[in-house]
C-alpha cells in the first residue's frame with residue numbers, strides 16, 4: 001500500500017479509459033460506415049428499380065456517381081476526424097500518465113519521517129478507492145468492447161444483464177401526535 005501501488009492503479013485506470021474511448025470511437029466509425037453503405041445501397045436500389053419521369057439511364061448514372069462521391073467524401077472525413085480524436089486521446093493519456101509518474105517520483109523522494117508517515121497514511125486510505133477505480137475502468141473497457149462488437153456485427157446481440165432490483169419496502173404510516181391547543 002504505497003504511493004507506487006496507487007500510481008500504478010491510477011496509470012492502469014487512465015489506460016483503461018483510453019482504451020475504452022478508442023474502442024467507442026472505433027464502434028462509432030464502424031457504425032457510421034455501415035450507415036453510409038446502407039444509404040448508398042438503398043439509394044442505388046431506389047434509382048435502379050423505378051422508372052422516374054424525365055430521368056433516363058444517363059441521368060441515373062450521374063446521380064449514382066454523385067452519390068458515390070458524397071459517400072466517399074463523408075467516409076474519408078469520418079476516418080480523418082476519428083483518427084484525430086484517437087490521437088488526441090492518446091496524447092492526453094500520455095500526458096496524464098507522465099504527470100502521475102512524476103508526482104509518484106516526487107513523493108517517493110520524501111525522506112522526512114513525518115512526511116513519509118503522512119504519505120503512507122494517505123496511501124492506506126486511498127488504496128481501496130484506487131482498487132475500485134481499477135475495477136470500474138476494467139468493466140467500462142469490457143463494455144466498450146462489447147459495444148464495438150455489436151456495432152461491427154461480429155457477434156450475436158447478447159442479452160443485456162439487468163441489475164437486480166431491491167425489494168421495495170411497503171410504506172407504513174406512522175401515527176402522528178397532534179398537540180391540541182389550549183383555549184385561552
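Taken together, the values in this text are just the output of simple stated rules run on the coordinates, not laboratory data. Remember, predicted model here, so these are calculated numbers, not experimental data. So basically every Cβ, Gly included, is an ideal-geometry build from the backbone, and we count neighbours across all protein chains shown.
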As an exercise, use a Förster radius of 25 Å and the Cβ-Cβ distance of residue 90 and residue 154 to find the FRET efficiency, rounded to the nearest 0.05. 0.55
Checked the range 1-79 with the C-alpha gyration tensor, a ≥ b ≥ c its square-rooted eigenvalues, rounded below a/c of 1.5, otherwise prolate if a/b is larger than b/c and oblate if not; verdict prolate
Computed over the range 3-152: relative contact order in percent, which uses C-alpha pairs under 8 Å that are six or more apart: 64 percent
Which shape class, rounded, prolate or oblate, goes with the range 3-152 when its Cα gyration tensor gives a ≥ b ≥ c as root eigenvalues, a/c under 1.5 marks rounded, and past that a/b bigger than b/c marks prolate? prolate
